[in-house]
Amino acid sequence: MVGFNQPPKKAYYTKWVITKGGSISVVGSTNVNKFSCAIADYYKPDTLTFYQQNSSTAFQITGSLALDVQHFDCHNPPMTANLRKALKAKEFPYLTITFISLNRYPANLSNTETLKGLVTIALAGVSKRYEINYRITPNGKKALTLEGTRQVNFSDFNIVPPRKIGGMIQTDNALQVKFNLNVKVLDYQPSL
C-alpha cells in the first residue's frame with residue numbers, strides 16, 4: 001500500500017523560479033573612489049519554495065543562489081583580481097545566498113511592494129544571517145523582479161579588504177550587496 005507509512009509532506013504555498021537575466025552586484029569604495037563589481041547575467045534556474053508559518057503572515061522559504069565568485073567583474077582587471085583574491089575565490093569558489101523567510105507574502109502580484117526577509121550569506125567559508133530589504137515589482141504575467149539590498153562588511157566574513165599599490169589605495173570595510181532577479185511564479189495555493 002503506497003503512502004501509508006510515509007509522513008505527510010508539508011504543503012507549500014507557492015513556488016518561484018529564478019530565471020535568466022538577473023544580476024548580483026557588490027558596491028563599495030576606496031579612499032580614492034567608488035567601485036561596483038557584478039555578475040551581470042545570473043543564469044541558473046533556482047527555485048524558491050514558500051511555506052506559510054502556521055496562521056501568521058510570515059513565510060518560511062527554502063532555496064538558495066550559488067554565485068561563482070570568479071564571475072564577478074569590476075570592469076577594472078586589477079580590481080577584479082584583487083576582489084577575487086580577497087574573497088578567497090580559489091578556496092571558496094561560491095558566494096551563497098540562502099533564503100530563510102519573508103515577513104509576508106506580497107498582497108497583490110500586480111503592484112510593486114516592499115518587504116523584509118531573512119537570508120544567510122556564505123562567503124569565504126563564513127556564514128552570516130541578515131535581514132534584507134526587498135522590492136518586488138510585476139514584470140509580466142506571473143513574472144516578477146525581486147530586488148534585494150543589504151550592507152555587509154568584509155570583516156563579517158573574516159576578510160581583509162583589498163589594497164592596491166603597496167597599501168596606498170585601501171578598500172573600505174563596508175559593501176552594499178544588491179541583487180536583481182527575474183522570477184516566474186510557478187504555482188500558487190492561497191487556500192493552504
Quiz prompt | Gain upon complete extension [K141, R163; 0.36 nm per residue less C-alpha separation] | solution = 3.3 nm
Exercise. Please identify, among T57, T171, T30, the residue showing maximal mean-square fluctuation in a Gaussian network model of the chain using a 10 angstrom Cα cutoff.
Key: T57
Quiz item: If eta is 1.567 mPa s and T is 4 °C, what Stokes-Einstein diffusion coefficient results for the range 14-188, Kirkwood Rh from Cα pairs, in µm²/s?
Solution: 76 µm²/s
Practice problem: Take the chain, connect every pair of alpha-carbon atoms lying under 10 Å apart with a spring to form a Gaussian network, then pick out the residue of A66, A107, A86 with the largest mean-square fluctuation. | Solution: A107
Quiz item: Based on Cβ point charges of +1 for Lys and Arg and -1 for Asp and Glu, what charge dipole magnitude is obtained for the range 98-179 about its Cα centre, in debye rounded to the nearest 20?
Solution: 160 debye
Practice problem: Please go through the range 45-128 and write out the trypsin sites (Lys or Arg not before Pro) that DSSP classes as loop and that have at most 10 other C-beta atoms within 10 Å. | Solution: K90
Quiz prompt | Residue order, fewest to most surrounding Cβ atoms within 10 angstrom, among M168, M79 | solution = M168, M79
Self-check item: Cβ-defined net charge surrounding N153, 13 Å radius [Lys, Arg +1; Asp, Glu -1]
Solution: 0
Exercise. Rounded to whole Hz and in sequence order, give me ³J(HN,Hα) for the range 152-159 from the Karplus expression 6.51 cos²θ - 1.76 cosθ + 1.60, θ = phi - 60°, writing x for Gly and Pro.
Key: 10, 10, 3, 5, 4, 10, 6, 10
Quiz item: Mind listing the phi-derived Karplus ³J(HN,Hα) values for the range 99-110, rounded to whole Hz, using 6.51, -1.76 and 1.60 with θ = phi - 60°, and x for any glycine or proline?
Solution: 7, 10, 7, 9, 5, 6, 7, x, 5, 8, 6, 9
Quiz item: So how far apart, in nm, are the two label points at A81 and N108 if each is 7 Å from Cα heading toward Cβ?
Solution: 5.4 nm
Exercise. Treating only the Cβ atoms of Lys and Arg (+1) and Asp and Glu (-1) as charged, compute the dipole magnitude of the chain about its Cα centre; round to the nearest 20 debye.
Key: 80 debye
Quiz item: Summing -39500 (n - 2.57) over the DSSP H runs of n ≥ 4 in the chain and dividing by its residue number, what mean residue ellipticity at 222 nm do you reach, to the nearest 500 deg cm²/dmol?
Solution: -1500 deg cm²/dmol
Exercise. At 0.36 nm per residue, minus the direct Cα-Cα distance, what do A11 and K44 gain on full extension? Give it in nm, one decimal, please.
Key: 9.4 nm
Practice problem: For the range 97-186, please report how many Lys pairs fall under 28 Å Cα to Cα, leaving out neighbours fewer than 8 apart on the same chain. | Solution: 13
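Since every read-out is calculated from the coordinates, none of them should be taken as a lab result. Just so you know, these numbers come straight off a predicted model, no measurement behind them. Every residue, glycine among them, receives a Cβ derived from its backbone with ideal geometry; neighbour counts consider all protein chains shown.
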